[in-house]
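First the structure, in the form of structure tokens, and then the observations on it.
The values are calculated or read from the model by the stated rules, or taken from the named source; none is laboratory data. The model shown is predicted, which means the values in this text are computed figures rather than measured ones. Note that we place each Cβ from the backbone using ideal geometry, even for glycine, and neighbour counts take in every protein chain shown.
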Amino acid sequence: MEIPANLQGILENLPQKPGCYIYKNSSGTVIYVGKAINLRNRVRSYFQNENRLDFKTRQLVKHICHIEWIVVGSELEALILEMNLIKRYRPQYNIRLKDDKRYPYIKVHWAAPFPKLTITRLMADDGSRYFGPYTSVWAVHQTLDVLRRIFPYLTCDREITGLDKRACLYHDIKLCTAPCIGAIDQAAYRIMINDLCEFLHGRTDPIVNRLRKEMMTASKEMNFERAAIVRDQIQAIEKVVEKQKVICSDQVDSDVIAMARADGEACVQIFFIRSGKLIGREYFILEGTEEANDSEVVSQFLKQFYVEAATVPTQVLLPEEIEEHRIIEEWLNTRRGGEKVRIMIPATGQGKDLVEMAASNAVETLTSLRNQWQADTNKQTEALTELQQAFQMEEPPNRIECFDISNTQGTNSVASMVVFEQGVPNKKMYRRFNIQTVEGPDDFASMEEALTRRFKRWLAYQEQTDIGKKRDDSFGRLPDLLIVDGGKGQLSRAVRVVDELGLTGMFRLAGLAKQEEELFLPHQFAPIILPRHSQGLYLVQRVRDEAHRFAITAHRARRTKEGLASRLDKVKGIGPAKRKALLKQFGSIENILAASDEQLAAVPGINTEVISSIRSTLT
């Protein structure tokens, strides 16, 4: 393997110490982060024997234009630094959790006199208690709904003095203990919130035992109203606990992890077992796993999940051995404040059964994620009906279009157009627009260009009378509902386009604000807020997420194509016409280099001299 001179100099001066190495491409973008006990040996291994590298790593090496490294004091410090760098840069060639946002947590504001519960995506060292991460805000709200019925915590912004004359409606419907009027004092309220925290940890037996004693005491004192309240609380806890399957004879807290894989993605399932009971489970999707073996995927998941996890159990059960077993175990010990954490690979017994059960659930989850919307016609019908009512439409929005913009600091901007018909994606109708008239990171102008081009194509489709000429059916119909991702700013540009092209009133138009999932309509101040657990909201989120995914995919493809073109531009004797012909014929630099001289010579304009230039410049 021929190594560029600038990299050769770096490789010769690498230290033989632990640390992290950072690979960058020609544009300075971080494309891979790794750690090593010996930086010199590890980094040089990428460039010594190309035949020993898998396809993904060979592609990585071809794009390395600069190497940086950071020396640390130990392997553990290298592991922690590696995790932070991956989280910061999300490099293309690293295995990484698919979602590019922080996961939600339940935050108990324990430092406050009367602690409240909120949802947050950022853990801080502020005296609060955190639980999570959860895979969706919906899952958090579902948990909070259950908690509030058992432990009626505060949700209002009143200053709690205990002297208010009246409580709010929530007290009347038994969703608040009303410390504002002194119905519960601070000490009793904090005991209740502590019980809530223990409940989330899965430790319910001590809570129920104490509440039974409290109920008996209240009954003996003939405080039957209080006894009834405690009785209802006990019954609510027991109703939840009944659903928590007892699956372990011991009382050890464990996380059970297993995985399923398909089409370049991996689905990792976690079972949370506390005091022998299965108290919950979550799944996470990882990308960039195509060439990685199972143990590498699990290892990367452990590092990325537990750096975000609010708690670490005493035991983690895995389906197979991982290379970084010892150092990850050492790191998890530090996450538990020095308490011992064991990573185990059970070969027999209950542990093995649990791992197999988690693996089975991972397979089902991955399959379900792909099929659930297409398979459930009832949900689609319900969702469309809810949107019809919310937007006051005469008919359900059977064709929904959504537009999103993706770029990197204003370069290679792409707009996506995704189409949902009858509540499911019609990918044949998806289109992308390479933004041509906008310079710099101006998403508003980019959206205006994309929508203008989309609707001008509809107008051209209507005017086209030549039956023999092929027409693009994706532009042949107007949407019933058009959603632009970005809220009021993007909506105003969409309104301008629709008005200028004379399409006002021909379909519903809405802008979707990301943070609160608010839908803004033209010329209306108040947004539409769909019910939290409604099928209508789920459909809108699905449409928005698909537009975002398709925009990013199209942007990356354009960026890659331009990167290929720029490499070909460096070859002597290749101009725009020959470059286009080569890319059309072979599709990639790798395919061009793999082609024989005869195959290259078959491309118009490519002669022996140009072939020699290609070989010398690109290899």
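In the set Gly162, Gly202, only one residue is under 37 Å from the mean Cα position of the chain (by Cα) and either outside the structural domain of Ala112 (by TED's automatic domain parsing) or over 30 Å from Leu537 (Cα atoms) (or both); that residue is Gly202. Contact map, the stretch 379-399: first residue in contact (Cβ under 8 Å) with a residue 40 or more places away in the chain, second residue assigned to a loop (DSSP other than H, G, I, E, B) and among the charged types (D, E, K, R), Cβ cut-off under 8 Å, separation 6 or more or different chains; pairs are Met393/Asp480; Glu395/Asp480; Pro396/Asp480; Pro397/Asp480; Asn398/Asp480; Arg399/Arg477; Arg399/Asp480.
Restricting the stretch 26-39 to residues that are of a type outside the set (Gly, Ala, Ser) and crowded, with 18+ Cβ neighbours inside 10 Å, the residue that is farthest from the chain's Cα centre (by Cα) is Leu39.
Considering each residue of the stretch 287-294 in turn, at least one proves to be in a loop (DSSP other than H, G, I, E, B) and at pLDDT 85 or above. If you filter the stretch 255-302 down to residues that are in contact with a His (Cβ under 9 Å, 6 or more places away or on another chain) and not small (Gly, Ala, Ser), you find that the one that is nearest to Pro346 (Cα to Cα) is Arg274.
Quick check, is Glu395 surrounded by 14 or more Cβ atoms within 10 Å (Cβ to Cβ) and either modelled with pLDDT of 85 or more or of a type in the set (Gly, Ala, Ser) (or both)? Give the derivation first.
Values: surrounded by 14 or more Cβ atoms within 10 Å (Cβ to Cβ): no; either modelled with pLDDT of 85 or more or of a type in the set (Gly, Ala, Ser) (or both): yes.
The answer is no for Glu395.
How many residues are part of a loop (DSSP other than H, G, I, E, B), surrounded by 11 or more Cβ atoms within 10 Å (Cβ to Cβ) and either modelled with pLDDT of 90 or more or of a type outside the set (D, E, K, R) (or both) if we restrict to the stretch 525-539? Before the answer, list the steps.
Taking the stretch 525-539 and keeping what is part of a loop (DSSP other than H, G, I, E, B), we get 525-527, 529-534.
So of that shortlist, the ones also surrounded by 11 or more Cβ atoms within 10 Å (Cβ to Cβ) come out as 527, 529-530, 532-534.
With the extra rule that they be either modelled with pLDDT of 90 or more or of a type outside the set (D, E, K, R) (or both), the set shrinks to 527, 529-530, 533-534.
Selection size over the stretch 525-539: 5.
Candidates are the residues of the stretch 468-511 that are modelled with pLDDT of 90 or more and part of a strand (DSSP E or B); the one that is farthest from the chain's Cα centre (by Cα) is Arg508.
Among the residues making up the stretch 179-212, those that are assigned to a helix (DSSP H, G or I), touching a residue at least 12 places away in the same chain (Cβ under 8 Å), more than 30 Å from Asp250 (Cβ to Cβ) and not β-branched (Val, Ile, Thr) are Pro179, Cys180, Gln186, Tyr189, Arg190.
Scanning the stretch 31-61 for residues that are without any contact (Cβ under 8 Å) to a residue 40 or more places away in the chain and among the charged types (D, E, K, R) returns Arg40, Arg42, Arg44, Arg52, Arg58. Among the residues examined, Tyr46 does not qualify as closer than 26 Å to Val298 by Cα, modelled with pLDDT of 95 or more and outside the structural domain of Ile327 (by TED's automatic domain parsing). Listed conditions (1) part of a loop (DSSP other than H, G, I, E, B); (2) under 41 Å from the mean Cα position of the chain (by Cα) are all met by Met222, apart from (2). The residues on offer are Leu175, Leu147, Leu122, and the sole one that is more than 19 Å from Asn194 (Cα to Cα) and either at pLDDT below 90 or surrounded by 15 or more Cβ atoms within 10 Å (Cβ to Cβ) (or both) is Leu122. Can you find a residue in the stretch 229-242 that is within 24 Å of Thr311 (Cβ to Cβ), under 32 Å from the mean Cα position of the chain (by Cα) and in the same structural domain as Ala112 (by TED's automatic domain parsing)? Looking through the stretch 229-242, none of the residues is within 24 Å of Thr311 (Cβ to Cβ), under 32 Å from the mean Cα position of the chain (by Cα) and in the same structural domain as Ala112 (by TED's automatic domain parsing).
Annotation note: Cβ proximity below 6 Å between a residue of the stretch 565-586 that is more than 14 Å from Leu618 (Cα to Cα) and basic (Lys, Arg) and a residue that is modelled with pLDDT of 75 or more and part of a loop (DSSP other than H, G, I, E, B) (sequence gap 6+ or interchain) occurs for Lys578/Gly605. Report whether or not Ser360 is among the small types (Gly, Ala, Ser), under 30 Å from Val484 (Cα atoms) and assigned to a helix (DSSP H, G or I). Criteria not met by Ser360. Whether any residue in the stretch 123-138 is closer than 21 Å to Phe272 by Cβ and part of a helix (DSSP H, G or I) is what I want to check. The answer is yes; a qualifying residue exists.
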